[in-house]
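Shown next, in structure tokens, is the structure this report addresses.
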Amino acid sequence: MSKLRLLKKDRDLSKPLEQVELLVRASDLQERREDVELRLDRFLGLHMHWRSRTSIQALIRDGYVYVDVTSPDRPNGTGELVQETRPGRRLRDRTRVLVVVPEELRVDLTMVVDNELVVLHEDEDILAVDKPPMLPVHPSGRHLADTLIQRVHARYGADKLERESRPRLAHRIDRETSGIVLVGMHPQAHAELRRQFEDHEVGKEYLAIVRGAPTQDFGTVNDPIGSARGSSIGLKMACRPDGDEARTDWKVLERRRGCSLVHCRLFTGRQHQIRVHLESIGHPLVGDKLYGYGEHYFQKYNDGELTPEDLAVLELPRQALHHHRLTFTHPRTGAALVIESPLAQDLAEFLASR
């Protein structure tokens, strides 16, 4: 079962998050409506996959969770939300659940200033920004505050959000990945940009620093990608015959001591595609804690337990991947646009040291 969405897409992200409302859906659980009977703590775990079951149970017992009241004639809920402190409370299809965000986790983003966004291109329809490494593009998991889209909303909130014309991400890149992120500044522009991404009409090029030196100068990986079977990490992907079609073209630009700079062009947009494909040819990204070094590095990172020795093995505190060039059609004018971002400073310095 895939991870479920925690936050609404169109929430005003310039304001602190105070509560999240969720709905039990049989379709999400891949079950018939009449068969749904799910523990409250397990349901929240599907949405908050980064938290342990123990911490979710503590959240419930501490009174932060409310559940729709049921009655014999309305088993799915009466519409009245009441505090529920029992982690084992059983939920049926269409039951509403409200999670109150603890006060200490609420962050006011209205103080974010304009210079925290590096703008590569801006007009009334689109915004292209140069995302620094370690900045999430949107709220999810443990990163609910100070994300890229929140900075965008804070910057343009005064004149955009009041007209219900909120800027929205046209695509996503990983938190650790640096480089270009494209934003639609109004619903029409966003819809057209999303269509181009979904129809594979956007040219996406990345720069990656990989471990070792590929023997060939260039190549193509066509292996399909799907969830990694047998992995304890739910978001991990792998090459597998029954996965989704995926293609990555790669070319070595420089070979250095123990590593190489590689240019990658994506023809599809699968989760972790470059990371999975480069690992599959024996050259995982430098600093990638999930692919190439062993899953225990990812688990230790999530638990905040990486040691100096671990970081020495990883060589970089983040995966060495940078979104370098984006080619697409302007949603209003139809003109071809090319946005470029130079290799991020931390990666350029690492490469120069080799």
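The values are calculated or read from the model by the stated rules, or taken from the named source; none is laboratory data. Quick caveat: nothing in here was measured; it's all calculated off a predicted structure. FYI the Cβ positions are ideal-geometry reconstructions off the backbone, even for glycines, and counts take in every protein chain you see.
Taking the criterion of being assigned to a helix (DSSP H, G or I), modelled with pLDDT under 95 and within 26 Å of Asp244 (Cα to Cα), would at least one residue in segment 195-211 satisfy it? Looking for residues that are assigned to a helix (DSSP H, G or I), modelled with pLDDT under 95 and within 26 Å of Asp244 (Cα to Cα), one finds at least one in segment 195-211, hence yes.
Yes/no per residue for (1) at pLDDT 95 or above; (2) aliphatic (A, V, I, L, M):
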{"position": "Arg275", "(1), (2)": "yes, no"}
{"position": "Ser280", "(1), (2)": "yes, no"}
{"position": "Asp288", "(1), (2)": "yes, no"}
{"position": "Gly292", "(1), (2)": "no, no"}
{"position": "Tyr297", "(1), (2)": "no, no"}
{"position": "Glu305", "(1), (2)": "no, no"}
{"position": "Leu316", "(1), (2)": "yes, yes"}
{"position": "His322", "(1), (2)": "yes, no"}
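On inspection, Val262 qualifies as assigned to a strand (DSSP E or B), crowded, with 22+ Cβ neighbours inside 10 Å and not basic (Lys, Arg). Note on segment 297-349: residues that are of a type in the set (Phe, Trp, Tyr), in a helix (DSSP H, G or I) and surrounded by 19 or more Cβ atoms within 10 Å (Cβ to Cβ) total 2. Residues considered: Arg256, Arg229. Of these, the only one that is more than 22 Å from the chain's Cα centre (by Cα) and loosely packed, with under 15 Cβ neighbours inside 10 Å is Arg256. Filter segment 61-109 for residues that are part of a strand (DSSP E or B) and of a type in the set (Ser, Thr, Tyr); which is modelled with the highest pLDDT? Among those residues, the one meeting the criterion is Tyr66. Report yes if some residue within segment 302-309 is of a type outside the set (D, E, K, R) and more than 23 Å from the chain's Cα centre (by Cα); otherwise report no. Among the residues of segment 302-309, at least one is of a type outside the set (D, E, K, R) and more than 23 Å from the chain's Cα centre (by Cα), which makes the answer yes.
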